[in-house]
1. If you scan segment 381-400, which residues turn out to be surrounded by fewer than 16 Cβ atoms within 10 Å (Cβ to Cβ) and of a type outside the set (S, T, N, Q)?
2. Please find, among Phe163, Phe156, Phe210, Phe219, the residue that is assigned by TED's automatic domain parsing to the domain that holds Leu29 and out of contact with any Lys or Arg (no Cβ under 7 Å at 6 or more places or on another chain).
3. Run Lys97 past the list (1) within 30 Å of Lys198 (Cβ to Cβ); (2) within 16 Å of the ligand (Cβ to nearest atom); (3) charged (D, E, K, R) and report the number of the one that doesn't hold.
4. Which is in contact (Cβ under 8 Å) with a residue 60 or more places away in the chain, among the aromatic types (Phe, Trp, Tyr) and under 30 Å from Phe44 (Cβ atoms), of Tyr332, Tyr354?
5. I'm checking my understanding of the structure. Among residues of segment 89-131 that are among the β-branched types (Val, Ile, Thr) and farther than 25 Å from Val173 by Cβ, which one is surrounded by the most Cβ atoms within 10 Å (Cβ to Cβ)?
6. May I ask you to verify whether Asp84 is of a type in the set (D, E, K, R) and either within 16 Å of the ligand (Cβ to nearest atom) or modelled with pLDDT of 95 or more (or both)?
7. Among helices (runs of 4 or more DSSP H) lying entirely in segment 400-467, which contain 3 or more residues that are more than 22 Å from Pro371 (Cβ to Cβ)?
Amino acid sequence: MKKEENPPSHKASTVAKAMADKSEGQGQLMEKIISLCKRRGFVFPGSEIYGGLANSWDYGPLGVELKNNIKQLWWKRFVQQRDDMVGIDAALIMNPKVWEASGHVAEFTDPLVECKKCKRRFRADHIDPNYENTKVFDQKIKCPDCKGDFSEPRQFNLMMKTFLGPAEDKASVAYFRPETAQAMFVDFKNVLETSRKKLPFGIAQVGKAFRNEVTPGNFIFRTREFEQMEIEYFISVPKTDAEWEKIFEYWKEEMWNWAVGDLGLKKDNIHECECEPQNRAHYSKRTIDLEYEFPFSRSELYGLAYRTDFDLKNHFKDGAPYHDPESGEKSYPHVIEPTFGVDRSVLAVLCDAYKEEEERVVLKLKPTLAPYKAAVFPLLKNKPELVEKAKAIYNDLKNDMMVAWDDRGNIGKRYYSQDEIGTPYCITIDFDTLEKGEVTVRDRDTMKQEKVKVADLKDFLSKKLNA
Ligand SMILES: [Zn+2]
C-alpha cells in the first residue's frame, strides 16, 4: 500500500530544484526518447485521434515486443527456473472485502488541495514540503499557476471504483486492484494445497493495477493504469531479526542482478534507498527502494518490503493458513515482497540504451530485450534472385526469432533505421551470397561487418544473441 514512490529527500521543493538543476540536456533527452517512441512505434499517446486521454499511453508494435521480452525474462528467471516459486494470474476485480481487510478502503489515500480560483488540484504533500511531517497545510502557499488560494486538504482514495452489474448502488461497488499483491495472499491456501510447496516459497504475478493518481506524469513513469511484476515470498515465522534480514538481503541482491544483469542497466544509474520509518507503509518493518536516474529525476524503479505477517493475518482471521507438513504446527508465514514496475522497467531500459553517436541514434538494448534480433536486407530490390534468396533466409530465421525485413533505400539508411530501434544484427544478401553462400552480418554496437556462411548463420546469431 505504499503510495509515495519518491523518498522524502526527493519530494516537493527538492524535486523542483532537482528538475531545475538537471541540465537542459536531460529534459531534451526525455523529449527525444518520447519522440523516438512515437515515431518508431514503441509507445503512442492513448486515444490520440480523440485528442488523447491524460496520461494514457499505448504500447505499439515494437513497444509490446520490448515489454513482453521483459516480462517473459522475469517470469523465466523468477518463476520457471526456480523450485521455490509458482505463479498465478488472478482476476483484477476482487471482492471488495479484500480491500477492506487489506486496509486500502480506509487508508489508501493521498491528501488533495484544490486551487479556489483555477480549480487545479495538487497533492498537499507535493506542494507543501512540510505537510508529510506536520499534517497541516501551509495556507501561505499559493497556486503555482494563478497564485490563487488553496482549499483545506481532504483525503482522496486512490482506488478506481466501478459497479458490477447494471445497478450503480452501494451494494454493487467494486474496485480495480491498486496492486497485484493481495491476490497472492487471498489465494495462499489454494496455491499451497495444489502446489504442495513448503516454506520458504514464493508466489509471483504479473498484471495490471490501477491507481487514481492526483498527478500522474513523466510519460510512462506514473500512469493511472500500469503493470507490476510482484513476488510474495513466504518464510517461517522468524525467531530473530537476523533470520528475515538474511532473506531480505538475498532478495535485494536478486533485484540488483535482475536490473544490471538481465536488463543491462548501468550500475551507476541505480541507487539503493532505505525508507525512513515514517515513510514506510504501516505494514512494513523495512523497505528499500531501488531508484533509477531517470532524465526527469532520480525516482523509484523497484521496491522491496518486509511485510511481516500483516497480510495473512488480515485475510485468514479464522485460523493460521499454513500447516507444517512435518510438525503439523500451524502458523502465519511472514512475507518479503520484491515489487518490479513493468512500465518503469521499459522506461529505464530505453533511457539507458539511448545513445547519440555522430551520424546515428542507436538503442543499445541487450539482444534478449531487443524487439527484433536481426534484420534481413536484399542488397538491391530490383534483382529478383537477390530478393528471392533474402526472403528464403528471412523466412527461415523467423522460425527461431523476431526478424525484420527491409528493402527500401540504400543499405546505410536501413542500418540507421535498425540502429534506432536496437536491432543487434543486420544481414545483407548480396552477390557473394549467390556465388559463395556468404552473407554480410553487421554488428549494431561496433558497426563492424563480417562474412558468415549461410549454413552457419543461425549458429552464429544464437551464439551472439545469448552471449
Ligand atoms: Zn490556480
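1. To start, the set of residues in segment 381-400 that are surrounded by fewer than 16 Cβ atoms within 10 Å (Cβ to Cβ) comprises 381-382, 384-385, 388, 391-392, 395-396, 398-400.
Lys381, Pro384, Glu385, Glu388, Lys391, Ala392, Asp396, Lys398, Asp400, listed by residue number.
2. Details: Phe163 fails: assigned by TED's automatic domain parsing to the domain that holds Leu29; Phe156 fails: assigned by TED's automatic domain parsing to the domain that holds Leu29; Phe210 fails: out of contact with any Lys or Arg (no Cβ under 7 Å at 6 or more places or on another chain).
Sole residue among the options that is assigned by TED's automatic domain parsing to the domain that holds Leu29 and out of contact with any Lys or Arg (no Cβ under 7 Å at 6 or more places or on another chain): Phe219.
3. Answer for Lys97: the failing condition is (2).
4. Numbers: Tyr332 fails: under 30 Å from Phe44 (Cβ atoms).
Of the residues listed, the single one that is in contact (Cβ under 8 Å) with a residue 60 or more places away in the chain, among the aromatic types (Phe, Trp, Tyr) and under 30 Å from Phe44 (Cβ atoms) is Tyr354.
5. Our first condition is that a residue be among the β-branched types (Val, Ile, Thr); within segment 89-131, this holds for 93, 98, 105, 109, 113, 127.
Cutting the leftovers down to farther than 25 Å from Val173 by Cβ gives us 113, 127.
Details: Val113: 26, Ile127: 23.
So, considering only residues that are among the β-branched types (Val, Ile, Thr) and farther than 25 Å from Val173 by Cβ, the one surrounded by the most Cβ atoms within 10 Å (Cβ to Cβ) is Val113.
6. Values: of a type in the set (D, E, K, R): yes; either within 16 Å of the ligand (Cβ to nearest atom) or modelled with pLDDT of 95 or more (or both): yes.
Judged against the criteria, Asp84 is a match.
7. Numbers: elements: 411-420, 431-436, 457-465.
It comes to 431-436.
Conditions tested, residue by residue: (1) at pLDDT 95 or above; (2) in a strand (DSSP E or B).
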residue	(1), (2)
Ala281	no, no
Asp289	yes, yes
Tyr302	yes, yes
Arg307	yes, yes
Leu347	yes, no
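The values are calculated or read from the model by the stated rules, or taken from the named source; none is laboratory data. Bear in mind the structure is a predicted one, so any value in this text is a computation, not a measurement. Neighbour counts run over all protein chains shown; Cβ positions are idealised from the backbone, glycine included.
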